[in-house]
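Visitor: Dropping a structure here in structure tokens format, bear with me for questions.
Quick note: the coordinates plus some simple rules give every number you see, no bench work behind them. Remember, it's a predicted structure, so these values are computed and weren't measured experimentally. Neighbour counts run over all protein chains shown; Cβ positions are idealised from the backbone, glycine included.
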Amino acid sequence: MKQRTTMGVVMAICVFSMGFPLTAQQLGDANNDSKIDIVDGLLAAQVYVGLTPKIFFPDAADVNGDTRVTIVDALLIAQFYVGLIDVFPGALTATPQPLNHYSLEAEDAYFNDGWIETQYPGFSGSAYVNTANALGTYVEWALEASESGQADLSIIYANGGGDNRPMEMSLNGRALSGSLDFPATSAWENWTLLNTSLTLTSGVNTLRLTSLSGSGAPNLDKVEIAFKGMISIPQPTAPPVLPELTVYIAGDSTVQDYPDSSIHQAGWGQMLPSLFGSKAVISNRAIGGRTARRFIDEGRLDDIFSVFKPGDYLLVQFGTNDSHKTATYTINGQTIPYYLDPQTDFKFYLQKYIDGVRSRNGNIILVTPPPRNSAYCTGGNGMAAHAQAMKELGATQKVPVVDLNQMTVNYLIKICPAPVPENFFLLRADGTVDGTHFQENGARIMAGFITNALQSQNLPLALYLK
């Protein structure tokens, strides 16, 4: 996902042709289904009485060429359908206006609770957008129109999930009437289009598609627009001057760096440097086998604080080992349990991270622990209690929380069944799948979830992303 700032949304809009859109090629075909029938006449009649059909193309419905859609157009379409006339008056006098065609790629849009994918072929551009199976996920574009007017849209999507995935279309924060149905396309690599229309206003427009069901959105490739005016990218102002800072990470084996791993093991922390610009230095101090307490007991948090400067960040993720009820570790001759009760001890030790950062005028972000591979398809989540404790502590202490746990659970449900060969969790040298740790692809996807959350929550650290 591209970085969203107050200066506007960065997106790619390409003029790819000039000519007449499909909607102007067959006068009378008001719903653009390649035939003229009584449905087209009924649609024109609905518009005349003030209703707003979900799919309607007014240029095609204006069959008498008077630049309006009235009951006369509805009657003319009905006469054409029953054979009383064989040509529309508008076809004799109207000169179709050539329209400009534009393409809005989904991978260049702003989106929440989603990710960029290239897994299923047939998409245009460099990728497409996949979202979590959740109500309210959305994809949003910004575009600047040279004038107000009708725009015809073709939304290219794929839905291999088997059920309809309806979405609400809104423009400039106002929901357009009705919902858009995105029926199943039988397979995720089967891309199809949904035609609709809206009226752009002169200036900057924000177009958003929002899922209306728990199944989330279909995979979205792009939106093609036919419009009489010009569409351009909103021009950003000069970016702010950002001070240099360091982002420290405290965590466990699901976060730590694995340089030169022969089996391509990786933690999400080692993927962050490639996502940040030069003004932010990533210092990943995560180490395997640590709990929120053990990291402190061994002096690792003090090591961070010894070099921590005002304005620096600390990202904290624990919970994986803290949930282990039988394991222990020994320090200074004392045997200490790994397990930290999520509602008491776990919050107690996390509070030490919060207090230490605040006393140094820094910034802290809590990151909930990712689930194990039991989350595939079923949503099994052994980390749920510790993730919930982090969210509760964040709410009471007014500390930002990145819910990596839930985002990863949603993703593992979405891609069900588990890929073969496994490409998210770690594939051991003997070919078995590790249920807790990750390979490079999985770590990279989770790092993307984290940066997406920084942007969707409008956290200042997002300004440091590439």
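Visitor: Working from Cα positions, state the angle (0 to 90°, nearest 10) between the long axis of helix 345-359 and the longest principal axis of the chain.
Guide: Once rounded, one gets 80 degrees.
Visitor: For a quick check of your reading of the filter: which trypsin sites (Lys or Arg not before Pro) in region 35-90 sit in a DSSP loop and have no more than 14 other Cβ atoms within 10 Å?
Guide: Answer in residue order: Lys35, Arg68.
Visitor: Please determine, in degrees from 0 to 90 and to the nearest 10, the orientation of helix 404-414 with respect to the longest principal axis defined by the Cα atoms of the chain, where the helix direction is its Cα long axis.
Guide: Computed tilt is about 50 degrees.
Visitor: Still on this model: On average over all directions, what projected area in square nanometres does region 245-464 have, based on the convex hull of its Cα atoms?
Guide: Its average projected convex-hull area is 12.3 nm².
Visitor: If contacts are Cα pairs under 8 angstrom and at least 6 residues apart, what is the relative contact order of the chain in percent?
Guide: Once divided by the residue count of the chain, the mean separation gives 14 percent.
Visitor: Determine the principal axes of the Cα atoms in the chain, then give the extent along each, sorted from largest to smallest and rounded to whole angstroms.
Guide: 99, 47, 39
Visitor: Which FRET efficiency value, to the nearest 0.05, is calculated for Glu189 and Thr344 with the Förster distance at 51 angstrom and r the Cβ-Cβ distance?
Guide: 0.55
Visitor: Dipole magnitude of the chain about its Cα centre, charges +1 at Lys/Arg Cβ and -1 at Asp/Glu Cβ only, in debye to the nearest 20?
Guide: 1520
Visitor: Please sort 396-409, 442-455, 338-351, 116-129 by packing, taking for each peptide the average over its residues of neighbouring beta carbons within 10 angstrom, highest first.
Guide: 442-455, 396-409, 338-351, 116-129
Visitor: Ok, one more. Which trypsin sites (Lys or Arg not before Pro) in region 230-305 pass both tests, a DSSP loop state and at most 16 other beta-carbon atoms within 10 Å?
Guide: Lys279
Visitor: So what is the 222 nm mean residue ellipticity for the chain from helices alone, if each DSSP H run of at least 4 adds -39500 (n - 2.57) and you divide by all residues, rounding to the nearest 500 deg cm²/dmol?
Guide: Mean residue ellipticity, 222 nm, calculated: -6500 deg cm²/dmol.
Visitor: For the chain, build the charge dipole from Cβ charges (+1 Lys, Arg; -1 Asp, Glu) around the Cα centre, then report which of Leu200, Gly435, Ser323 sits farthest towards its positive end.
Guide: Ser323
Visitor: Put +1 on the Cβ of each Lys and Arg and -1 on the Cβ of each Asp and Glu in region 331-444; which of Leu393, Cys416, Gly382 then has its Cα farthest toward the positive end of the dipole?
Guide: Going by the Cα projections, it comes out as Leu393.
Visitor: With Rg and the Kirkwood Rh both taken from Cα atoms, where does Rg over Rh land for region 21-93?
Guide: 0.91
Visitor: How many Lys pairs in the chain lie less than 19 angstrom apart by Cα atoms, where the lysines are 8 or more positions apart or on different chains?
Guide: Eligible lysine pairs with Cα atoms under 19 Å apart amount to 12.
Visitor: Additional query: Most exposed first by the Cβ proxy, i.e. fewest other Cβ within 10 Å, how do Val63, Val247 rank?
Guide: Fewest-to-most Cβ neighbours within 10 Å comes out as Val247, Val63.
Visitor: Please give the FRET efficiency for Gln334 paired with Ser306, using the beta carbon to beta carbon distance and R0 = 30 Å, rounded to the nearest 0.05.
Guide: 0.80
Visitor: Gap in Å between the Cα centre of region 120-172 and the Cα centre of region 388-466?
Guide: Each part's Cα centre sits 24 Å from the other's.
Visitor: Moving on. Once both labels are modelled 7 Å past Cα along the beta-carbon direction, what's the Leu176-Gln397 spacing in nm?
Guide: About 4.6 nm, to one decimal.
Visitor: Can you tell me the 0 to 90 degree angle between the C-alpha axis of helix 440-456 and the longest principal axis of the chain, rounded to 10?
Guide: Its long axis makes an angle of about 70 degrees.
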